[in-house]
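Asker: The structure is given below, and queries will be raised subsequently.
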Amino acid sequence: MTREFAHYRQLERRLWMARWRNEGRESPEEHATLDEMEDTWFRLSDEEQDLLRREAPRCWPTESSSLPPQLADRSYPAAPALWAYEGFHSPVEAILCAEAA
């Protein structure tokens, strides 16, 4: 993987995050990222461009709970970390305590 290809992957993730944060509405951050992606695209090899063309789109969040595109050199946990209930061992324990109050 070339440095430019890795940079393009990072830009995909940045674009995904911009779109997710703005709930799909256009934003200056999205436009800037798209401009940088276009500049980077022209520096990719023909093979890298072909690879990206064959992939499904990676830059649109399909739902608010979905994870951003995975970078090739990183792995995501199987599921997002659960919120820690302060003073309770589980969500059920917190609910039962609140109901008793």
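The values are calculated or read from the model by the stated rules, or taken from the named source; none is laboratory data. Predicted model only: the values in this text are computed from it and were never measured. Cβ coordinates were reconstructed from backbone atoms using ideal geometry, including for glycine residues, and neighbour counts include every protein chain displayed. The area values use the complete protein model at the heavy-atom level, side chains included, leaving out ligands, DNA and RNA. Shrake-Rupley method; radii C 1.70, N 1.55, O 1.52, S 1.80 Å.
Asker: Name every residue in segment 1-51 that is aliphatic (A, V, I, L, M) and open to solvent by 90 Å² or more (accessible area, probe 1.4 Å), in order of residue number.
Answerer: Initially, segment 1-51 is screened for residues aliphatic (A, V, I, L, M), giving 1, 6, 11, 15, 17-18, 32, 34, 37, 44, 51.
Within segment 1-51, just M1 meets the criteria.
Asker: Which members of segment 32-59 meet the condition of being in contact with a helix residue (DSSP H, G or I) (Cβ under 9 Å, 6 or more places away or on another chain) and assigned to a helix (DSSP H, G or I)?
Answerer: The answer is A32, T33, L34, E36, M37, T40, W41, E48, Q49, L51, L52.
Asker: Look through E86, E55 and report the one residue that is at pLDDT below 85, open to solvent by less than 90 Å² (accessible area, probe 1.4 Å) and of a type outside the set (V, I, T). Talk me through it step by step, then tell me what you get.
Answerer: On the way: E86 fails: open to solvent by less than 90 Å² (accessible area, probe 1.4 Å).
That would be E55, the only listed residue that is at pLDDT below 85, open to solvent by less than 90 Å² (accessible area, probe 1.4 Å) and of a type outside the set (V, I, T).
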